[in-house]
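Undergrad: Attaching a single structure in structure tokens format; questions to follow.
We did not get these values from a lab; they are worked out from the coordinates using the rules stated. Because the structure is predicted, anything quoted here is derived from the model rather than measured. Cβ placement follows ideal geometry from the backbone for every residue including glycine, while neighbour counts extend to all protein chains displayed.
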Amino acid sequence: MEVADAGGISPTARRLRVSRSIVGRRLLRLEAQLGGQRLARTTRGAALTEAAPASTSRVRICGP
């Protein structure tokens with residue numbers, strides 16, 4: 001996932017040149033579609049959860 005690669009929502013938003021809210025909303029929608037949290041968010045960044053590795057090879061969060 002782009003968010004995990006970049007280390008958080010803010011770095012991902014800067015990299016993709018979109019707002020943090022867009023990245024956050026897309027992440028929430030993706031997690032809802034996949035049936036659970038795939039990214040553990042903290043104030044210092046984000047990391048993949050144990051459930052994530054199975055889905056990261058086929059899912060990427062992209063810009064608009």
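Undergrad: When the Karplus curve 6.51 cos²θ - 1.76 cosθ + 1.60 is applied with θ = phi - 60°, which whole-Hz ³J(HN,Hα) does each residue of segment 35-40 get, with x for Gly and Pro?
TA: Once rounded to whole Hz, the list reads x, x, 5, 10, 9, 8.
Undergrad: Which of the peptides 3-9, 13-19 is most tightly packed, and how do the rest follow, going by the mean number of other Cβ atoms within 10 Å of each residue?
TA: 3-9, 13-19
Undergrad: Here's something else I'd like to know. Given points 7 Å out from each Cα along the Cα-Cβ axis, report the R44 to L28 separation in nanometres with one decimal.
TA: A separation of 2.6 nm, rounded to one decimal place.
Undergrad: Also, I was wondering about something else. Would you mind checking which residues have amide H under 5 Å from G45's amide H? H placed 1.01 Å from N; only 5 or more apart, or other chain.
TA: Amide H to amide H, under 5 Å and 5 or more residues apart or across chains, G45 pairs with nothing.
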